[in-house]
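First comes the structure, then the notes that go with it.
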Amino acid sequence: MYTASDLRKGLKIEIDGEPYQITDFDFCKPGKGQALYRCKLKSMLTGSTMDRTYRSADKVGKPDLMDKTMIFSYDDGSVFVFMDGETYEETRVEHSVLEDQRLYLDDNMECNILFYRDKAIEVTLPYFVQKQVVETEPGAKGDTATNVLKPAKTSNGLEVQVPLFVNQGDTIKIDTRTGAYVERVRKS
């Protein structure tokens, strides 16, 4: 159990048997009475949000969460299959858990999977991935005065805005948290 003084942004708590993450937090100490802890909460299962206020004497549940590093194996069309690198046990993750992040997945990629009561509820990818550009317009020479970007499509269908000097066949590094181009990877 957490006490109200343990609450902070990013903390995962349990309310009525469902895990929530604190997305915004405000501490208020009025002139008289107990301190108030106002929280904006987001459900980790459904994505719905709600507001809750706690007093300093309140207790909050701690969810049964487990974080595990697993290796992406394949997509069977309805679920993503991940494998535990130590026990070789397979875990199936619904497509809805990954949503748009699925475009960053590569075979044998290590990911952190968050489980709630033995059900995968969140997948955290590495911060950066490398993808090959398969389709982009050639850049115009001399157009380097400003940060001009152009669209580029990667081998798995992901579209990223890249600088003019990136060409078809180049490998680029992409930030999985923002979906933004980071740099062109040098060929070794």
Legend entry - Residue among Asp118, Asp107, Asp100 that alone is charged (D, E, K, R) and either within 30 Å of Gly61 (Cβ to Cβ) or at pLDDT 90 or above (or both): Asp118
Inset, instruction - Kindly provide the set of residues from the stretch 12-44 that are within 30 Å of His95 (Cβ to Cβ) and either open to solvent by 80 Å² or more (accessible area, probe 1.4 Å) or free of Cβ contacts under 8 Å to residues at least 12 places away in the same chain (or both), ordered by number. - result: Asp16, Gly17, Lys40, Lys42
Legend entry - Among the candidates Ala152, Ala120, residue that is without any contact (Cβ under 8 Å) to a residue 60 or more places away in the chain, surrounded by 15 or more Cβ atoms within 10 Å (Cβ to Cβ), touching a helix residue (DSSP H, G or I) at 6+ places or on another chain (Cβ under 9 Å) and not in a loop (DSSP other than H, G, I, E, B): Ala120
Inset, instruction - Of the numbered conditions (1) open to solvent by 50 Å² or more (accessible area, probe 1.4 Å); (2) of a type in the set (A, V, I, L, M, F, W, C); (3) in a strand (DSSP E or B); (4) over 19 Å from Val93 (Cα atoms), Ala57 fails exactly one; give the number of that condition. - result: (3)
Legend entry - Selection status of Val166, in contact with a Lys or Arg (Cβ under 8 Å, 6 or more places away or on another chain), surrounded by 14 or more Cβ atoms within 10 Å (Cβ to Cβ) and at pLDDT 90 or above: no
Inset, instruction - Go through (1) open to solvent by 60 Å² or more (accessible area, probe 1.4 Å); (2) touching a residue at least 40 places away in the same chain (Cβ under 8 Å); (3) within 26 Å of Thr46 (Cβ to Cβ) one by one and return the number of the condition Thr178 breaks. - result: (2)
Legend entry - Hey, Glu18 within 25 Å of Asp118 (Cα to Cα) and in contact with a Gly (Cβ under 7 Å, 6 or more places away or on another chain) or not: no
Legend entry - Test: Thr87 is open to solvent by 40 Å² or more (accessible area, probe 1.4 Å), among the β-branched types (Val, Ile, Thr), on the phi < 0 side of the Ramachandran plot and in a loop (DSSP other than H, G, I, E, B): yes
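The values are calculated or read from the model by the stated rules, or taken from the named source; none is laboratory data. Here the structure is a predicted model, which is why all the values come from computation and not from measurement. All Cβ positions, glycine included, derive from the backbone under ideal geometry; neighbour counts span all protein chains shown. All accessible areas refer to the heavy atoms of the entire protein, side chains included, with ligands and DNA or RNA removed. Shrake-Rupley method; radii C 1.70, N 1.55, O 1.52, S 1.80 Å.
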